[in-house]
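The values are calculated or read from the model by the stated rules, or taken from the named source; none is laboratory data. Just so it is clear, the model here is predicted, and its values are computed rather than measured. Don't worry about glycine lacking a Cβ; one is built from the backbone with ideal geometry, like all the others, and counts go over all protein chains shown. Please note that ligands, DNA and RNA were not included when accessible areas were found on the heavy atoms of the full protein model with its side chains. Shrake-Rupley method; radii C 1.70, N 1.55, O 1.52, S 1.80 Å.
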Amino acid sequence: MDIAQERRLVTEIPGPKSRRLLERRQAALPRGVFYTHPIFVEAAAGAIVRDVDGNSLIDLGAGLAVLNTGNAAPAVVEAIREQLDRFTHTCIHVTMSEPYLELAERLNALVPGDVPRKTMFTNSGAEAVENAVKIARYSTKRPAVVVFDHAFHGRTLLAMTMTAKVMPYKQGFLSSAPDVYRLPFAYPYRCPTGGATPEECAASCAAYAIGEMEKHIGPDNIACLVVEPIQGEGGFVVPAPGFLPRLAEYCRDRGILFVADEVQTGMGRTGRWFGIEHEAVVPDLVTTAKSLAGGLPLGGVTGRADVMESVHVGGIGGTFGGNPLACAAALAVLDTIERDGLLARAERIGVLMRDRLLDMAERFPLIGEVRGRGAMVAMELVEDRETKAPAKAATTRLLEEACRQGVILLKAGTYDNVVRLLPPLTIDEGLLSDGLDVLEKALATVEEESEA
Ligand SMILES: *Cc1c(COP(=O)(O)O)cnc(C)c1O
(Lines give C-alpha, C1' and ligand atoms only; values in the text may rest on other atoms or scores of the structure.)
Protein backbone atom coordinates (compact mmCIF):
# COMPACT_ATOMS: atom_id res chain seq x y z
CA MET A 1 0.00 0.00 0.00
CA ASP A 2 1.17 3.50 -0.81
CA ILE A 3 1.29 5.56 2.38
CA ALA A 4 2.93 8.99 2.43
CA GLN A 5 6.07 8.84 4.57
CA GLU A 6 5.07 11.71 6.83
CA ARG A 7 3.70 12.17 10.33
CA ARG A 8 0.14 13.44 10.24
CA LEU A 9 -2.31 13.70 13.12
CA VAL A 10 -6.03 14.11 12.42
CA THR A 11 -7.43 13.21 15.86
CA GLU A 12 -6.07 13.12 19.36
CA ILE A 13 -4.26 9.87 20.18
CA PRO A 14 -5.84 7.49 20.84
CA GLY A 15 -8.67 8.55 18.52
CA PRO A 16 -12.30 7.49 18.91
CA LYS A 17 -12.01 4.31 16.83
CA SER A 18 -8.93 3.12 18.69
CA ARG A 19 -10.72 3.89 21.97
CA ARG A 20 -13.70 1.74 21.00
CA LEU A 21 -11.44 -1.15 19.98
CA LEU A 22 -9.51 -0.71 23.23
CA GLU A 23 -12.72 -1.23 25.18
CA ARG A 24 -13.41 -4.42 23.26
CA ARG A 25 -9.84 -5.47 23.83
CA GLN A 26 -10.16 -5.03 27.59
CA ALA A 27 -13.20 -7.30 27.52
CA ALA A 28 -11.79 -9.96 25.21
CA LEU A 29 -8.06 -10.18 25.92
CA PRO A 30 -6.25 -10.84 29.18
CA ARG A 31 -4.36 -7.87 30.60
CA GLY A 32 -1.25 -10.06 30.81
CA VAL A 33 -0.87 -9.59 27.06
CA PHE A 34 0.44 -6.06 27.54
CA TYR A 35 0.45 -3.13 25.14
CA THR A 36 2.67 -0.07 25.00
CA HIS A 37 0.58 2.25 22.81
CA PRO A 38 -3.24 2.48 22.83
CA ILE A 39 -3.47 2.33 19.05
CA PHE A 40 -5.03 -0.04 16.56
CA VAL A 41 -3.42 -0.17 13.13
CA GLU A 42 -5.25 0.06 9.84
CA ALA A 43 -2.29 0.01 7.47
CA ALA A 44 1.46 0.43 7.50
CA ALA A 45 4.26 1.00 5.02
CA GLY A 46 7.92 1.85 5.35
CA ALA A 47 8.36 3.73 8.61
CA ILE A 48 4.76 4.93 8.91
CA VAL A 49 1.96 3.20 10.79
CA ARG A 50 -1.54 4.51 10.05
CA ASP A 51 -4.07 3.96 12.80
CA VAL A 52 -7.79 3.27 12.44
CA ASP A 53 -8.54 6.97 13.03
CA GLY A 54 -6.37 7.99 10.07
CA ASN A 55 -3.37 9.24 12.05
CA SER A 56 0.06 8.56 10.54
CA LEU A 57 2.64 7.77 13.20
CA ILE A 58 6.41 7.44 12.82
CA ASP A 59 7.50 3.93 13.68
CA LEU A 60 10.71 4.04 15.73
CA GLY A 61 10.04 0.60 17.21
CA ALA A 62 9.73 -1.48 14.02
CA GLY A 63 7.11 -3.78 15.53
CA LEU A 64 9.56 -4.66 18.30
CA ALA A 65 12.69 -5.04 16.19
CA VAL A 66 10.93 -7.08 13.52
CA LEU A 67 10.84 -4.67 10.61
CA ASN A 68 14.45 -3.82 9.78
CA THR A 69 13.35 -3.80 6.14
CA GLY A 70 10.31 -1.63 6.94
CA ASN A 71 6.58 -2.16 7.33
CA ALA A 72 5.17 -4.17 4.43
CA ALA A 73 8.41 -3.97 2.43
CA PRO A 74 7.30 -4.31 -1.23
CA ALA A 75 9.79 -7.07 -2.10
CA VAL A 76 8.78 -9.03 1.00
CA VAL A 77 5.06 -8.66 0.29
CA GLU A 78 5.65 -9.72 -3.32
CA ALA A 79 7.61 -12.81 -2.25
CA ILE A 80 4.85 -13.82 0.15
CA ARG A 81 2.23 -13.30 -2.56
CA GLU A 82 4.12 -15.47 -5.04
CA GLN A 83 4.54 -18.22 -2.49
CA LEU A 84 0.89 -17.88 -1.48
CA ASP A 85 -0.17 -18.70 -5.04
CA ARG A 86 1.85 -21.92 -4.97
CA PHE A 87 1.24 -23.36 -1.49
CA THR A 88 1.06 -22.14 2.09
CA HIS A 89 2.36 -25.05 4.10
CA THR A 90 4.32 -28.21 4.03
CA CYS A 91 5.53 -29.71 7.26
CA ILE A 92 9.28 -30.15 6.72
CA HIS A 93 8.98 -33.59 8.31
CA VAL A 94 6.38 -34.77 5.76
CA THR A 95 7.18 -33.20 2.39
CA MET A 96 9.83 -30.54 2.01
CA SER A 97 9.88 -27.05 0.53
CA GLU A 98 12.64 -25.29 -1.36
CA PRO A 99 12.34 -21.94 0.50
CA TYR A 100 13.34 -23.71 3.76
CA LEU A 101 16.36 -25.23 2.05
CA GLU A 102 17.44 -22.08 0.26
CA LEU A 103 17.11 -19.94 3.39
CA ALA A 104 19.18 -22.43 5.37
CA GLU A 105 21.89 -22.26 2.72
CA ARG A 106 21.87 -18.47 2.80
CA LEU A 107 22.11 -18.30 6.60
CA ASN A 108 24.83 -20.98 6.67
CA ALA A 109 26.90 -18.72 4.44
CA LEU A 110 26.08 -15.47 6.31
CA VAL A 111 26.81 -16.52 9.89
CA PRO A 112 30.38 -15.43 10.70
CA GLY A 113 33.26 -17.90 10.92
CA ASP A 114 34.92 -20.08 8.36
CA VAL A 115 33.32 -23.33 9.48
CA PRO A 116 30.65 -25.51 7.86
CA ARG A 117 27.17 -24.57 9.17
CA LYS A 118 23.70 -26.10 9.23
CA THR A 119 20.36 -24.46 10.03
CA MET A 120 16.97 -25.52 11.41
CA PHE A 121 13.88 -23.29 11.62
CA THR A 122 11.38 -22.61 14.40
CA ASN A 123 8.30 -20.43 14.92
CA SER A 124 9.78 -17.84 17.27
CA GLY A 125 12.85 -16.52 19.01
CA ALA A 126 12.10 -18.35 22.25
CA GLU A 127 11.80 -21.60 20.37
CA ALA A 128 15.10 -20.94 18.59
CA VAL A 129 16.78 -20.41 21.98
CA GLU A 130 15.21 -23.62 23.33
CA ASN A 131 16.49 -25.59 20.36
CA ALA A 132 19.98 -24.09 20.57
CA VAL A 133 20.18 -25.25 24.20
CA LYS A 134 18.78 -28.70 23.39
CA ILE A 135 21.33 -29.13 20.60
CA ALA A 136 24.19 -27.82 22.76
CA ARG A 137 23.27 -30.25 25.54
CA TYR A 138 22.98 -33.15 23.14
CA SER A 139 26.28 -32.43 21.47
CA THR A 140 28.31 -31.80 24.65
CA LYS A 141 26.47 -34.29 26.89
CA ARG A 142 26.51 -31.60 29.60
CA PRO A 143 23.47 -30.07 31.34
CA ALA A 144 24.33 -26.52 32.47
CA VAL A 145 23.47 -23.30 30.65
CA VAL A 146 25.17 -20.02 31.53
CA VAL A 147 23.28 -16.76 31.00
CA PHE A 148 23.71 -13.18 32.20
CA ASP A 149 22.17 -10.40 34.23
CA HIS A 150 19.74 -8.27 32.16
CA ALA A 151 19.36 -11.06 29.57
CA PHE A 152 16.16 -11.62 27.63
CA HIS A 153 15.72 -14.91 25.78
CA GLY A 154 11.94 -15.35 25.54
CA ARG A 155 8.90 -16.52 27.48
CA THR A 156 8.68 -20.31 27.19
CA LEU A 157 9.69 -22.20 30.33
CA LEU A 158 13.38 -22.62 29.54
CA ALA A 159 13.70 -19.23 27.78
CA MET A 160 11.83 -17.54 30.64
CA THR A 161 14.23 -19.14 33.10
CA MET A 162 17.13 -17.86 31.02
CA THR A 163 15.62 -14.36 31.02
CA ALA A 164 16.89 -12.23 33.89
CA LYS A 165 14.15 -9.85 34.93
CA VAL A 166 11.57 -11.19 37.34
CA MET A 167 8.90 -8.56 36.69
CA PRO A 168 7.07 -8.94 34.37
CA TYR A 169 8.62 -12.05 32.86
CA LYS A 170 8.86 -14.56 35.69
CA GLN A 171 6.83 -13.24 38.64
CA GLY A 172 4.00 -15.60 39.55
CA PHE A 173 4.87 -18.37 37.10
CA LEU A 174 6.43 -20.27 40.00
CA SER A 175 8.41 -23.08 38.45
CA SER A 176 11.55 -22.66 36.39
CA ALA A 177 13.76 -24.96 34.33
CA PRO A 178 16.80 -26.51 36.02
CA ASP A 179 20.51 -26.12 35.26
CA VAL A 180 20.45 -22.41 34.34
CA TYR A 181 23.17 -20.24 35.94
CA ARG A 182 23.27 -16.45 35.81
CA LEU A 183 26.49 -14.41 35.86
CA PRO A 184 27.25 -10.68 35.81
CA PHE A 185 27.27 -8.82 32.49
CA ALA A 186 29.86 -6.14 31.74
CA TYR A 187 27.45 -3.17 31.70
CA PRO A 188 29.87 -0.26 31.67
CA TYR A 189 27.41 2.39 32.92
CA ARG A 190 26.54 0.29 35.97
CA CYS A 191 29.50 -2.05 36.26
CA PRO A 192 28.47 -4.83 38.68
CA THR A 193 32.06 -5.48 39.73
CA GLY A 194 32.81 -1.79 40.27
CA GLY A 195 35.10 -1.31 37.26
CA ALA A 196 35.77 2.42 36.86
CA THR A 197 36.47 2.26 33.12
CA PRO A 198 34.92 0.05 30.42
CA GLU A 199 38.20 -1.86 30.15
CA GLU A 200 38.25 -2.52 33.89
CA CYS A 201 34.58 -3.49 33.79
CA ALA A 202 35.24 -6.01 31.01
CA ALA A 203 38.25 -7.53 32.75
CA SER A 204 36.70 -7.76 36.21
CA CYS A 205 33.32 -9.09 35.00
CA ALA A 206 35.01 -11.69 32.79
CA ALA A 207 37.28 -12.74 35.65
CA TYR A 208 34.31 -13.00 38.01
CA ALA A 209 32.22 -14.99 35.52
CA ILE A 210 35.09 -17.35 34.71
CA GLY A 211 35.76 -17.83 38.43
CA GLU A 212 32.12 -18.82 38.97
CA MET A 213 32.22 -21.28 36.09
CA GLU A 214 35.48 -22.78 37.40
CA LYS A 215 34.53 -22.97 41.08
CA HIS A 216 30.77 -23.27 41.33
CA ILE A 217 29.35 -24.71 38.11
CA GLY A 218 32.30 -26.67 36.79
CA PRO A 219 33.28 -26.23 33.14
CA ASP A 220 32.78 -29.95 32.47
CA ASN A 221 29.11 -29.51 33.37
CA ILE A 222 28.48 -26.54 31.06
CA ALA A 223 26.92 -27.20 27.66
CA CYS A 224 26.74 -23.60 26.52
CA LEU A 225 26.94 -19.95 27.34
CA VAL A 226 24.09 -17.97 25.77
CA VAL A 227 24.54 -14.24 25.32
CA GLU A 228 23.06 -11.34 23.37
CA PRO A 229 25.86 -9.45 21.55
CA ILE A 230 24.02 -6.29 22.65
CA GLN A 231 21.33 -6.83 25.26
CA GLY A 232 17.97 -5.86 23.77
CA GLU A 233 15.14 -5.92 26.31
CA GLY A 234 17.82 -5.49 28.99
CA GLY A 235 18.38 -1.91 27.82
CA PHE A 236 20.61 -1.92 24.73
CA VAL A 237 23.59 -2.72 26.91
CA VAL A 238 26.71 -2.85 24.76
CA PRO A 239 29.15 -5.11 26.59
CA ALA A 240 32.39 -3.47 27.70
CA PRO A 241 35.09 -4.05 25.06
CA GLY A 242 36.93 -7.32 25.58
CA PHE A 243 34.27 -9.00 27.73
CA LEU A 244 32.79 -11.28 25.07
CA PRO A 245 36.14 -12.16 23.42
CA ARG A 246 37.52 -13.19 26.83
CA LEU A 247 34.48 -15.37 27.53
CA ALA A 248 34.61 -16.87 24.05
CA GLU A 249 38.26 -17.78 24.57
CA TYR A 250 37.42 -19.43 27.89
CA CYS A 251 34.55 -21.36 26.26
CA ARG A 252 36.85 -22.61 23.51
CA ASP A 253 39.40 -23.84 26.05
CA ARG A 254 36.79 -25.71 28.08
CA GLY A 255 34.62 -27.16 25.29
CA ILE A 256 31.67 -24.91 26.18
CA LEU A 257 29.58 -23.86 23.18
CA PHE A 258 29.21 -20.10 22.64
CA VAL A 259 25.66 -19.25 21.57
CA ALA A 260 25.03 -15.75 20.21
CA ASP A 261 21.34 -14.89 20.65
CA GLU A 262 20.96 -12.61 17.63
CA VAL A 263 17.19 -12.47 17.74
CA GLN A 264 17.25 -8.68 18.26
CA THR A 265 20.76 -7.74 17.05
CA GLY A 266 20.63 -9.74 13.83
CA MET A 267 19.65 -9.01 10.24
CA GLY A 268 21.61 -5.80 9.88
CA ARG A 269 20.41 -3.87 12.92
CA THR A 270 23.89 -3.02 14.19
CA GLY A 271 25.38 -2.28 10.77
CA ARG A 272 26.59 -5.85 10.30
CA TRP A 273 24.54 -8.94 9.53
CA PHE A 274 25.05 -10.10 13.11
CA GLY A 275 25.92 -8.14 16.24
CA ILE A 276 28.62 -10.62 17.23
CA GLU A 277 30.68 -9.54 14.21
CA HIS A 278 31.67 -6.39 16.13
CA GLU A 279 33.38 -8.59 18.71
CA ALA A 280 35.52 -10.70 16.37
CA VAL A 281 34.08 -13.78 18.08
CA VAL A 282 33.10 -16.85 16.04
CA PRO A 283 29.99 -18.27 17.71
CA ASP A 284 29.26 -22.00 17.71
CA LEU A 285 25.52 -21.42 17.43
CA VAL A 286 23.46 -18.39 16.42
CA THR A 287 19.75 -17.86 17.05
CA THR A 288 17.67 -15.58 14.84
CA ALA A 289 14.02 -14.47 14.66
CA LYS A 290 12.42 -10.97 14.87
CA SER A 291 13.59 -9.22 11.64
CA LEU A 292 14.47 -12.48 9.88
CA ALA A 293 11.20 -12.78 7.96
CA GLY A 294 10.07 -9.13 7.75
CA GLY A 295 7.02 -9.62 9.97
CA LEU A 296 6.20 -13.27 9.44
CA PRO A 297 6.88 -15.57 12.37
CA LEU A 298 10.16 -17.40 11.89
CA GLY A 299 13.12 -18.32 14.05
CA GLY A 300 16.32 -20.12 13.23
CA VAL A 301 19.26 -21.92 14.77
CA THR A 302 22.39 -21.84 12.65
CA GLY A 303 25.36 -23.68 14.02
CA ARG A 304 28.55 -25.59 13.48
CA ALA A 305 27.64 -28.53 11.25
CA ASP A 306 29.17 -31.10 13.63
CA VAL A 307 27.18 -29.72 16.56
CA MET A 308 23.89 -29.48 14.62
CA GLU A 309 24.47 -32.96 13.20
CA SER A 310 24.92 -34.57 16.63
CA VAL A 311 21.18 -34.93 17.27
CA HIS A 312 19.56 -38.21 16.15
CA VAL A 313 17.04 -38.30 13.29
CA GLY A 314 13.71 -36.95 14.52
CA GLY A 315 15.15 -35.27 17.62
CA ILE A 316 14.39 -31.67 16.63
CA GLY A 317 11.75 -29.87 14.58
CA GLY A 318 8.08 -28.89 14.69
CA THR A 319 4.92 -28.69 12.62
CA PHE A 320 5.15 -25.11 11.39
CA GLY A 321 8.88 -24.35 11.75
CA GLY A 322 10.21 -22.96 8.49
CA ASN A 323 6.78 -22.32 7.02
CA PRO A 324 7.20 -21.64 3.28
CA LEU A 325 5.53 -18.19 3.41
CA ALA A 326 7.87 -17.16 6.22
CA CYS A 327 10.94 -18.58 4.46
CA ALA A 328 10.00 -16.88 1.19
CA ALA A 329 9.62 -13.61 3.12
CA ALA A 330 13.01 -14.13 4.77
CA LEU A 331 14.72 -14.72 1.44
CA ALA A 332 13.27 -11.39 0.27
CA VAL A 333 14.49 -9.75 3.50
CA LEU A 334 18.04 -10.96 2.84
CA ASP A 335 17.83 -9.77 -0.78
CA THR A 336 16.51 -6.39 0.33
CA ILE A 337 19.29 -5.90 2.89
CA GLU A 338 21.86 -6.71 0.20
CA ARG A 339 20.28 -4.85 -2.71
CA ASP A 340 19.42 -1.70 -0.76
CA GLY A 341 22.71 -1.58 1.14
CA LEU A 342 20.92 -1.66 4.49
CA LEU A 343 24.05 -2.48 6.50
CA ALA A 344 25.53 0.85 5.46
CA ARG A 345 22.13 2.51 6.02
CA ALA A 346 22.08 1.15 9.56
CA GLU A 347 25.45 2.81 10.19
CA ARG A 348 24.31 6.07 8.66
CA ILE A 349 21.03 6.42 10.55
CA GLY A 350 22.82 5.19 13.67
CA VAL A 351 25.20 8.14 13.44
CA LEU A 352 22.27 10.52 12.91
CA MET A 353 20.45 9.16 15.96
CA ARG A 354 23.52 9.09 18.20
CA ASP A 355 24.53 12.64 17.25
CA ARG A 356 21.06 13.94 18.02
CA LEU A 357 20.82 12.10 21.34
CA LEU A 358 24.30 13.25 22.38
CA ASP A 359 23.29 16.79 21.55
CA MET A 360 20.12 16.39 23.67
CA ALA A 361 22.23 14.97 26.50
CA GLU A 362 24.08 18.29 26.69
CA ARG A 363 20.82 20.07 27.46
CA PHE A 364 18.77 17.48 29.36
CA PRO A 365 20.29 16.19 32.60
CA LEU A 366 17.68 13.41 32.49
CA ILE A 367 19.87 11.63 29.94
CA GLY A 368 22.45 9.59 31.85
CA GLU A 369 23.98 7.77 28.91
CA VAL A 370 23.63 7.45 25.14
CA ARG A 371 24.82 4.14 23.71
CA GLY A 372 24.41 1.59 20.96
CA ARG A 373 25.84 0.25 17.73
CA GLY A 374 24.62 0.93 14.21
CA ALA A 375 20.88 1.57 14.22
CA MET A 376 20.44 0.05 17.69
CA VAL A 377 20.61 3.23 19.77
CA ALA A 378 19.29 4.10 23.21
CA MET A 379 19.42 6.60 26.01
CA GLU A 380 19.26 5.68 29.67
CA LEU A 381 17.30 8.18 31.78
CA VAL A 382 18.31 8.99 35.35
CA GLU A 383 16.95 11.24 38.08
CA ASP A 384 20.44 12.29 39.01
CA ARG A 385 23.65 11.84 37.07
CA GLU A 386 25.66 11.26 40.25
CA THR A 387 23.50 8.58 41.85
CA LYS A 388 22.26 7.27 38.47
CA ALA A 389 18.87 6.62 40.09
CA PRO A 390 16.70 5.23 37.25
CA ALA A 391 14.06 7.69 36.00
CA LYS A 392 11.34 5.12 35.43
CA ALA A 393 8.29 7.39 35.67
CA ALA A 394 9.86 9.98 33.36
CA THR A 395 10.57 7.23 30.81
CA THR A 396 6.93 6.15 30.78
CA ARG A 397 5.80 9.78 30.46
CA LEU A 398 8.24 10.40 27.61
CA LEU A 399 6.82 7.50 25.62
CA GLU A 400 3.25 8.67 26.25
CA GLU A 401 4.06 12.20 25.23
CA ALA A 402 5.88 11.12 22.04
CA CYS A 403 2.97 8.84 21.12
CA ARG A 404 0.48 11.67 21.54
CA GLN A 405 2.61 13.60 19.04
CA GLY A 406 2.68 10.70 16.59
CA VAL A 407 5.92 8.87 17.32
CA ILE A 408 6.07 5.23 18.39
CA LEU A 409 8.95 4.63 20.78
CA LEU A 410 9.87 1.65 22.95
CA LYS A 411 11.41 1.42 26.36
CA ALA A 412 13.66 -1.27 27.75
CA GLY A 413 15.98 -2.03 30.63
CA THR A 414 16.01 -3.87 33.91
CA TYR A 415 15.05 -0.55 35.55
CA ASP A 416 12.51 0.45 32.84
CA ASN A 417 14.44 3.63 32.20
CA VAL A 418 15.89 3.15 28.73
CA VAL A 419 14.37 4.65 25.58
CA ARG A 420 15.44 2.60 22.58
CA LEU A 421 15.38 3.61 18.95
CA LEU A 422 14.84 0.83 16.43
CA PRO A 423 13.56 2.48 13.25
CA PRO A 424 13.25 0.51 10.03
CA LEU A 425 16.67 0.73 8.36
CA THR A 426 14.88 2.03 5.30
CA ILE A 427 13.53 5.14 7.06
CA ASP A 428 13.74 8.42 5.19
CA GLU A 429 16.21 10.74 6.94
CA GLY A 430 13.79 13.67 7.02
CA LEU A 431 11.18 11.49 8.68
CA LEU A 432 13.70 10.21 11.22
CA SER A 433 14.71 13.77 11.96
CA ASP A 434 11.05 14.73 12.51
CA GLY A 435 10.70 11.78 14.90
CA LEU A 436 13.76 12.92 16.83
CA ASP A 437 12.38 16.48 17.00
CA VAL A 438 9.25 15.07 18.63
CA LEU A 439 11.40 13.06 21.04
CA GLU A 440 13.32 16.22 21.94
CA LYS A 441 10.12 18.20 22.60
CA ALA A 442 8.76 15.35 24.70
CA LEU A 443 12.00 15.35 26.69
CA ALA A 444 11.60 19.09 27.35
CA THR A 445 8.01 18.53 28.53
CA VAL A 446 8.97 15.68 30.84
CA GLU A 447 11.99 17.54 32.18
CA GLU A 448 9.78 20.55 32.99
CA GLU A 449 7.23 18.33 34.73
CA SER A 450 9.86 16.65 36.87
CA GLU A 451 11.25 20.05 37.93
CA ALA A 452 7.79 21.36 38.82
C1 LIG B 1 12.58 -11.12 21.48
C2 LIG B 1 13.74 -11.95 21.85
C3 LIG B 1 13.63 -13.34 22.07
C4 LIG B 1 12.30 -14.05 22.02
O5 LIG B 1 11.73 -14.02 20.75
P6 LIG B 1 10.16 -14.37 20.58
O7 LIG B 1 9.99 -14.47 19.10
O8 LIG B 1 9.41 -13.25 21.21
O9 LIG B 1 9.93 -15.66 21.27
C10 LIG B 1 14.76 -14.06 22.36
N11 LIG B 1 15.96 -13.46 22.42
C12 LIG B 1 16.12 -12.14 22.22
C13 LIG B 1 17.49 -11.54 22.30
C14 LIG B 1 15.01 -11.34 21.95
O15 LIG B 1 15.17 -10.02 21.78
task = Report the local net charge at Ala109: Lys and Arg +1, Asp and Glu -1, summed over other residues whose C-beta lies under 15 Å from its C-beta.
result = -1
ask   = Do any GluC sites (Glu not before Pro) in segment 9-77 lie in a DSSP loop with no more than 14 other beta carbon atoms within 10 Å, and if so, which?
value = Glu12
query = Which pairs, out of Lys170/Lys441; Lys411/Lys441; Lys165/Lys392; Lys290/Lys411, put more than 27 Å between their alpha-carbon atoms?
reply = Lys170/Lys441
remark   = Judged on accessible area alone, 1.4 Å probe, highest first, Glu98, Glu362, Glu200 line up as Glu362, Glu98, Glu200
key: Estimated FRET transfer efficiency when R0 is 30 angstrom, pair Asp85-Phe320 (beta carbons, to 0.05)   = 0.90
ask   = Going by Cβ distance under 4.7 Å, what cysteines of the chain have no possible disulfide partner?
value = Cys91, Cys205, Cys224, Cys251, Cys327, Cys403
ask   = If you stretched the chain out fully between Glu362 and Ser176, how much longer would it get, using 0.36 nm times the residue separation minus the C-alpha to C-alpha distance?
value = 62.6 nm
note = Rounded to the nearest 0.05, FRET efficiency between Val10 and Lys392 (Cβ-Cβ, R0 35 Å) equals 0.60
remark   = Here the percent of antiparallel bridges among DSSP beta bridges lying wholly in segment 75-339, to the nearest 5, is 40
request  = Assign unit charges at the C-beta atoms only (+1 for Lys and Arg, -1 for Asp and Glu), then state the dipole size of segment 75-339 relative to its Cα centre in Debye, rounded to the nearest 20.
outcome  = 520
task = Considering only DSSP beta bridges where both residues belong to the chain, give the percentage that are antiparallel (nearest 5).
result = 65
Net charge of Cβ neighbours under 12 Å - reference Ala248; Lys, Arg +1; Asp, Glu -1 = -1
note = Lys and Arg at +1, Asp and Glu at -1: neighbours of Gln231 with Cβ under 10 Å from its Cβ sum to -4
ask   = Probe 1.4 Å, all protein chains in place: accessible area of Arg345 in Å², nearest 10?
value = 60
query = Counting only protein heavy atoms, what percent of the accessible surface of the chain is carbon or sulfur at a 1.4 Å probe?
reply = 54
inquiry  = Give me the extension gain from Glu338 to Asp2: residue separation times 0.36 nm, minus the current Cα-Cα distance, reported in nm with one decimal.
reply    = 118.7 nm
request  = Take every Cα pair under 8 Å in the chain that's 6+ residues apart, average their separations, divide by the length, and report that relative contact order as a whole percent.
outcome  = 22
ask   = Are there chymotrypsin sites (Phe, Trp or Tyr not before Pro) in segment 81-153 that DSSP marks as loop and that have at most 12 other Cβ atoms within 10 Å, and which are they?
value = Phe87
key: Check: the chain dipole with +1 on Lys, Arg Cβ and -1 on Asp, Glu Cβ, in debye   = 1120
request  = Averaging sequence separations of C-alpha pairs under 8 Å and six or more residues apart, then dividing by the length of segment 1-146, give the relative contact order as a whole percent.
outcome  = 17
task = At a Cα cut-off below 17 Å, give the lysines reachable from Lys17, other chains included and same-chain residues fewer than 8 away excluded.
result = none
